[in-house]
Amino acid sequence: MRRLHAVLNRAIVFSFFALILLCVLSSCASKPAPDTSDFTNTEYETPETYDDSENLESIKLPSSAKPKSYFSKIDEDILMNVEQGSPSSITLAMSALKKNEAEYIESEKVLIYVATQMMTILWPSQKVTWNVFETSEETPYTGALNSVKKGIYDTSTGNKDFLSTFLPALVFLTPNITANVQAQCEGGILAALKLNPDSIAANYLAGLYYEKGGNYEKAEPYLAKAYADTQVEEVILEYAKVLSKNGKSALAEKVMGELGSDSKGNIQILKQNAWIAFEKGDYAAAEDYVARVLQQTPNDLEFVLFRARIFIEKNDYIHAVSLLDMYARQNDTNIDYLILRSRVQLDWSKNTAAATETIEKAMQLYPDNMDAVLIAAKISSVTDGPVAGKYADELAVIVLEKNPSNKDAQVYALDGLIQRENWEEAYAISSNLIKSNSNNPDLLLKHVTICLKLRKNGEAMDYAQKAYNTNPSNEVIAQTFILASSQILSRDEAVRLIDSMLPSATSKMKSYLYYRKSYLERSEDTALADLRSSLIANPRNSEALFRLYEIYYDKKDYRKAQYYLKQVVAINPNDSSYRRLNEALTQLVQ
């Protein structure tokens, strides 16, 4: 009986577990299978509990999970070589893709077309050595290249991959694109580099973009990277040009050596060698190269202007003006032309009104051009008048904000501050400049003058004395020493010093000594006698003439004052401060 109960119990337990198993299986069978039809559009997610970071990188996504590329059926190495974009990598890609025409799929034909256009646009010195096939399929790649031919930056490519991002930027290499299109190119180039920082084509185009914009420092690393990977003619020429612009002429010449001798008259090599020679200051060699370029291409306006620039640097203004006139008949709004024209008007013609008009036109057309702003600052420093509504120091600040180490801008800023008698700010700039230019006579005079205005007599005398001891024959330095001595030493000491220098002084120096001595005299009659002696030694001493104007103005003898002031204006026709005084005095006399 007990055995029977045991058997029955086991049977009941077994039946119970069998029933549970049946329910589970039934539930699984009724659950629908997961839908994988849209798997390609979902992202592969790692479970949160998976923390083996070392092995995580080795997990490969299912091929169906990767976003499909238009070129997905083409070997990745071939596509990568096209993206690299150098002549050798493009040629390698085309060799790997070579097959019978009937065997090409449409995406391969499109890639061949893309590679061919890249080679033609980027590297015109190279030959296309493979067959190109017709393709009628409309793609972002062919569309972008068709837009490039029309001078249009194609924004409809979607930027889904490197090529659809980079190809529209090739429009930068087409002639006569608008400023708006040019600005779009920078964004496309940088976006492409973000996708493939090692692309030679993208690095070359980035360097070229910044070089054409005059930003040579920014262009150099891009071109250096392109040059490190390929020594094709276009890269060598642009890299050498940027190196020479950045003051690295020796390295530029070494890079140019990759192209060999220019004996065959390769015009591009001649051009680059001309730029290198010019940046080195070898104007004779530069002129020779430019002449050889113009013998082959006499209508090359860029080098017509370049030759004018060389003549200006050699102070041969007559020949420079002739070339500028020739250039202006074709283009009178080019920024380089406007800058050169203003330099001639300022430095040779001394026509500051014309120079101001020309440079204001340049600033209006090219507001971001710092060379134009620098010329404007120079004109203002000469005239003590505004250019484009700003004075020398205000214009110089614009340049210094972008290039704080620009010495010319610092000097023009200093001139403007002195003219407006802003002595404290002038002292800050002057102190910085004089540290590395203590023997510069003009800068020495400015710094000593500023120190005297701020009653920094010890510093003024120290600089003046040291400079005079080192170079007593320089008249500007000698005058600076006398200026400091006459204001710091006692009257008797200063007079003795001046008297000791008078017998051996040149006429110009003697005129200055009598002028300074006039300030030390105890009577007006003696001071006037000194000033007459000063003008006998040098009738064009505008400082002595202006001192006479001041004396007679204080005596209210306005006609005599104007007599001397008019002579000052005649000697300094560009100084607007003298003209303003004369205009005011004219009103007073009337």
Open item on the list: At 1.4 Å probe size, put E211, E394, E521 in order of accessible surface, largest to smallest.
Closed with: E394, E521, E211
TODO: Just grab the label-to-label distance for V132 and T333, each label 7 Å out from Cα along the Cβ direction, in nm (one decimal).
DONE: 3.3
Open item on the list: With a 1.4 Å probe and all protein chains kept in place, how do I189, I429 rank by accessible area, largest first?
Closed with: I429, I189
- [ ] Specify which labelled value, from [x] 1.02; [y] 1.15; [z] 1.25, agrees with Rg/Rh (Cα atoms, Kirkwood Rh) derived from the coordinates of the model shown.
- [x] [z]
TODO: Determine the per residue accessible area of the range 356-438 with all protein chains present and a 1.4 angstrom probe, expressed in square angstrom.
DONE: 49
Open item on the list: With an 8 Å Cα cut-off and a minimum separation of 6 or more residues, compute the relative contact order for the range 343-476 in percent.
Closed with: 14
TODO: Find which of Q479, F278, S438 sits farthest along the positive direction of the dipole of the chain, computed with +1 on the beta-carbon of Lys and Arg, -1 on that of Asp and Glu, about the Cα centre.
DONE: Q479
Open item on the list: Given an 8 Å cut-off on Cα distances and at least 6 residues of separation, report the relative contact order of the range 523-572 as a percent.
Closed with: 30
Task: Loop sites in the range 146-236: trypsin sites (Lys or Arg not before Pro), DSSP, at most 13 other Cβ within 10 Å - done: K150, K160
Open item on the list: Ordering V114, V128 by accessible area with a probe of 1.4 Å, largest first, what comes out?
Closed with: V128, V114
Open item on the list: Between L365 and A183, what is 0.36 nm times their sequence separation minus the Cα-Cα distance? Round to one decimal in nm.
Closed with: 63.9 nm
Task: Counted charge near F133, where neighbours are those whose Cβ lies closer than 10 Å (Asp, Glu -1; Lys, Arg +1) - done: -3
- [ ] Report the local net charge at M370: Lys and Arg +1, Asp and Glu -1, summed over other residues whose C-beta lies under 11 Å from its C-beta.
- [x] -3
Task: Degrees, to the nearest 10: 179-195 long Cα axis against longest axis of the chain - done: 50
Open item on the list: If I ignore ligands, DNA and RNA and count only protein heavy atoms, how much of H319 is accessible to a 1.4 Å probe, in Å² to the nearest 10?
Closed with: 100
TODO: Round to the nearest 10 and give me the degree value, 0 to 90, for the angle of helix 140-149's Cα axis relative to the longest principal axis of the chain.
DONE: 30
Open item on the list: Could you sort the peptides 363-370, 338-345 by per-residue average Cβ neighbour count (10 Å cutoff), highest mean leading?
Closed with: 338-345, 363-370
Task: Those residues of the range 182-213 whose amide nitrogen sits under 13 Å from the label point placed on N246, 7 Å along Cα→Cβ - done: 207-208, 210-211
TODO: Quick one: accessible surface of D229, probe radius 1.4 Å, all protein chains present, in square angstrom to the nearest 10.
DONE: 90
- [ ] Note the angle between two axes, namely the Cα long axis of helix 423-436 and the longest principal axis of the Cα atoms of the chain, as a number of degrees from 0 to 90, rounded to the nearest 10.
- [x] 80
TODO: First compute the accessible area of the chain with a 1.4 Å probe, then give the percent of it belonging to carbon and sulfur atoms.
DONE: 50
Open item on the list: Rounded, prolate or oblate, given the Cα gyration tensor of the range 326-381, with a/c below 1.5 counting as rounded?
Closed with: oblate
Task: Computed over the range 493-590: relative contact order in percent, which uses C-alpha pairs under 8 Å that are six or more apart - done: 18
TODO: Roll a 1.4 Å probe over the protein heavy atoms and report the accessible area of D499 in Å², nearest 10.
DONE: 70
Open item on the list: Please state the shape class of the range 356-508: rounded when a/c is under 1.5, otherwise prolate if a/b exceeds b/c and oblate if not, all from the C-alpha gyration tensor.
Closed with: prolate
TODO: State which entries of K150/K194; K378/K466; K466/K508 exceed 25 angstrom in Cα-Cα distance in the structure shown.
DONE: K150/K194; K378/K466
Open item on the list: Using a Förster radius of 45 Å, what is the FRET efficiency between A285 and K466 based on their Cβ-Cβ separation? Nearest 0.05, please.
Closed with: 0.70
TODO: Identify all lysines with a Cα-Cα distance to K271 below 28 Å; exclude those on the same chain that are fewer than 8 residues away in sequence.
DONE: K127, K149, K212, K218, K225, K241, K245, K248, K254, K280, K314
Open item on the list: Whole angstrom only: what separates the Cα centroid of the range 119-138 from the Cα centroid of the range 416-476?
Closed with: 64
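The values are calculated or read from the model by the stated rules, or taken from the named source; none is laboratory data. Since the structure is predicted, the reported quantities are computational estimates derived from the model, not experimental observations. Please note: Cβ atoms are built from the backbone with ideal geometry, for glycine as well, and neighbour counts cover all protein chains shown. Note: areas computed on protein heavy atoms with side chains; ligands, DNA, RNA excluded. Shrake-Rupley method; radii C 1.70, N 1.55, O 1.52, S 1.80 Å.
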